[in-house]
Each structure stands twice: as C-alpha cells, then as structure tokens.
Amino acid sequence: MKPLIGIHHVTAMTSSAEKIYEFFTYTLGIRLVKKTINQDDIQTYHLFFADDEGHAGTDMTFFDFPGAAKAVKGTNEIAKTGFRVPSNQAIIYWQKRFEKLGVKHQSPRKLFNRMTLEFYDFDDQEYVLFSDEGVPGVPSGKPWKKGPIPDEFSITGLGPVFFRVNQHELMESVLTQKLTFNFVEKQDNYYLYQSGDGGNGASVIIIDQPNALPARQGYGGVHHVAFGVKDDQDIYAWIKHLTELRVPHSGYVDRFYFHSLYTRLYPGILFEFATVGPGFIDDEESYEILGETLALPPRFRKDRATIESLVRPIDTKRSHLILKKEYMEEL
C-alpha cells in the first residue's frame, strides 16, 4: 500500500454549533470553510474549520447531535487532537493568549522533543498545540488571512492525533501492519508513530493506559479520524486491501468535498480514509465567502427547503469584517 499522506481531518462532537464557531473563529483564528449538514443525519450541522483555503490536513470538523450526552473520557478512544504552529515562540504566544481569554490550558512541555501546549474548549474537548520548529515532514497549511492571529503564530494545520488505549500491542499492530505507520520513539507511556513524509502532520501518538475504564462517546469527544490518500484510485486500493484482510468496511463513500472509506480496526475507534480533493471551494461558495452559507452537496439540494426547516440558522457571515491582528505585546 502507498503510505498514508498524513492526518486528513478529525471529526468531533460539540454541545453547541454556535459556541464552537465562536471559539474556533475568534479564539483560535481557524477559518470556517464549510457550514453544511451531516450527510447521514440531515438535522445535524457539520462544520468544517481549516486553513485559509480549506486544504486537506488542516481541518477539524464538528457534529452537534441533538440530545447527545457528554463524552466520558477513558480508554479505547481518540483522546486528543493536535494542531500545528510554526515555532516555539508561537507556543508562548498561545499560552499568553489563553491566559488573557480564560481558556483552560496546561503549561508548555516537551513531548518527543517538540514544544507542546495542551488546552480545552467549553466541552472539555482536548487539544494539543505542537511546534513545527525543527520538525521536518509533510507541509502545513496557510494562515487565515483575515483572521485575528498574526501569521507567524497562526494555527496552520492538524498535528498528531492521540489514541488512548488499553491494548497497546493491538493498536500498534493496526498502525504498523494494517496501516502504513512506523514506530518512531517512546516517552514514558506515550508511543509515537508516523507515516509517509512524517512530521507533526503525519503522526499519531498512543497513550498506553491498560487499567483505565472504557470511554463513551458524546459531545466533548472525537467521533473519528481520517487519514489522507491522493485520489479515488487509492480509495479503491484500500478497499481491496481491507477486503483481503477480511476487515468490514463501508466501501466507497462520496462526500462531495472528498471521497471516503470507513472501517473499524480497533475496538471503539472509527478510521476513515479520505481523498485530498475536490475541496471546499466549489460552485456554491467562492474563496471569499467560504463557510457563510448553508452549503449542500448536489444530492441534497432538491431538499433544501426541508433541510433549512430542520436546522436552526447560524450567522457565520464575516467576510465584511476586518479583524484586528492580536500581537503578543498586546496580550
């Protein structure tokens, strides 16, 4: 199999589409590039936050399932989502920003010789900033030009994704034998693996916690992680590979913005393979207004009136705004 390109996207659950929009847009400075529906549950929003142009490998997405309970953290789950920043100095910037804005966070620390900063949102969703300083690998994305964060400190893509598991050896065999990851190094009960060109954008981290209680999905937790592949030919190759391994899978799924394949290779964790295109700039939205309309893939557009009656309106128009860049000396 061709090596997986890296992390394509992470999809999580939120208690409030409105609040996660405010948090990602104005606190984190990550652009909303698509406001659409969960294609498997049309009364649920699916929000995509990414870099300036919505490149694969930069987007974290959210569902807001009506009536969902709060996630119970534990083992056998996708535990934390990593984000990339350009430098160690950017980590200090974010520490000061979180202190100013009252965002819950930990102190910066070194993990696998990379400066990191862990923080949380209003649902206690867990995130970790990773400095790219001195870490070669897959390229990151582009800072949001009209966002509030100066380019030199901006979040530009996804970093390592953390799996908290009670069967480390099983997860390692999934990563190294069924997928295309290679073991890199160990630090305490953390294990680092990477695929393809490696670096923060193509890495996963296992947290080995054999005695922890099982996690339960809900808002404040991660729904699934997607790994990047080049095109449909690669999707079909993975379908063939999983079939030969006798692993159940979804088969080819057209999500319009990318094409996908889903499978469960480890208890409690949903994996997706997703193509790098077509992308989020399409016939409904130009670059300038990404994320401002309720966008629908073509097969749903005939039902727009019904869908709009099911999902509450959320004002995400911001192309008319001029957001002040917030520099470190002002924090």
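The values are calculated or read from the model by the stated rules, or taken from the named source; none is laboratory data. Please read these numbers as outputs of a predicted model, since none were measured by experiment. Note that we place each Cβ from the backbone using ideal geometry, even for glycine, and neighbour counts take in every protein chain shown.
Identify all residues within the stretch 179-201 that are over 19 Å from Tyr266 (Cβ atoms) and of a type in the set (Gly, Ala, Ser); write none if there are none. Listed by number, the residues that qualify are Gly196, Gly198, Gly199, Gly201.
When you go through Thr316, Thr263, Thr306, Thr293 one by one, which is the residue that is of a type outside the set (Asp, Glu) and under 15 Å from Gln39 (Cβ atoms)?
Thr306
Scanning the stretch 256-265 for residues that are in contact (Cβ under 8 Å) with a residue 60 or more places away in the chain and part of a strand (DSSP E or B) yields Phe258, Leu265. Restricting the first member to the stretch 302-331 and to residues that are within 22 Å of Thr25 (Cβ to Cβ) and of a type in the set (Phe, Trp, Tyr), and the second to residues that are in a loop (DSSP other than H, G, I, E, B) and at pLDDT 95 or above, the beta-carbon pairs closer than 7 Å and six or more apart or on different chains are Tyr327/Pro150.
Every condition in (1) part of a loop (DSSP other than H, G, I, E, B); (2) closer than 24 Å to Gly291 by Cα is met by Arg84 except one, and the failing one is (1). Of the residues making up the stretch 285-304, none is under 20 Å from the mean Cα position of the chain (by Cα) and closer than 30 Å to Phe181 by Cα.
The set of residues from the stretch 22-62 being of a type in the set (S, T, N, Q), at pLDDT 95 or above and touching a helix residue (DSSP H, G or I) at 6+ places or on another chain (Cβ under 8 Å) comprises just one member, Thr27. Scanning the stretch 25-46 for residues that are more than 25 Å from His259 (Cα to Cα) and aromatic (Phe, Trp, Tyr) gives a single hit, Tyr26.
For residues that are closer than 19 Å to Thr116 by Cα and among the small types (Gly, Ala, Ser), scanning just the stretch 136-166, find the one that is farthest from the chain's Cα centre (by Cα). So, considering only residues that are closer than 19 Å to Thr116 by Cα and among the small types (Gly, Ala, Ser), the one farthest from the chain's Cα centre (by Cα) is Gly137. Only one of the listed residues (Gly268, Gly291) is crowded, with 16+ Cβ neighbours inside 10 Å and modelled with pLDDT under 95. That residue is Gly268.
Per the listing Phe49, Phe65, the residue uniquely part of a loop (DSSP other than H, G, I, E, B), out of contact with any Pro (no Cβ under 7 Å at 6 or more places or on another chain) and touching a residue at least 24 places away in the same chain (Cβ under 8 Å) is Phe65.
Results for (1) out of contact with any helix residue (DSSP H, G or I) (no Cβ under 8 Å at 6 or more places or on another chain); (2) surrounded by fewer than 17 Cβ atoms within 10 Å (Cβ to Cβ); (3) of a type in the set (Phe, Trp, Tyr); (4) in a helix (DSSP H, G or I), shown as yes or no for each residue.
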| site | (1), (2), (3), (4) |
| --- | --- |
| Ile91 | yes, no, no, yes |
| Lys96 | no, yes, no, yes |
| Ser107 | no, yes, no, no |
| Lys110 | yes, yes, no, no |
| Thr116 | no, no, no, no |
| Asp124 | yes, yes, no, no |
| Leu129 | no, no, no, no |
| Gly134 | yes, yes, no, no |
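Collect the residues in the stretch 266-284 that are over 30 Å from Val72 (Cα atoms) and either under 20 Å from the mean Cα position of the chain (by Cα) or touching a residue at least 60 places away in the same chain (Cβ under 8 Å) (or both), keeping them in residue-number order.
Passing the criteria: Thr275, Val276, Gly277, Pro278, Gly279, Phe280, Ile281.
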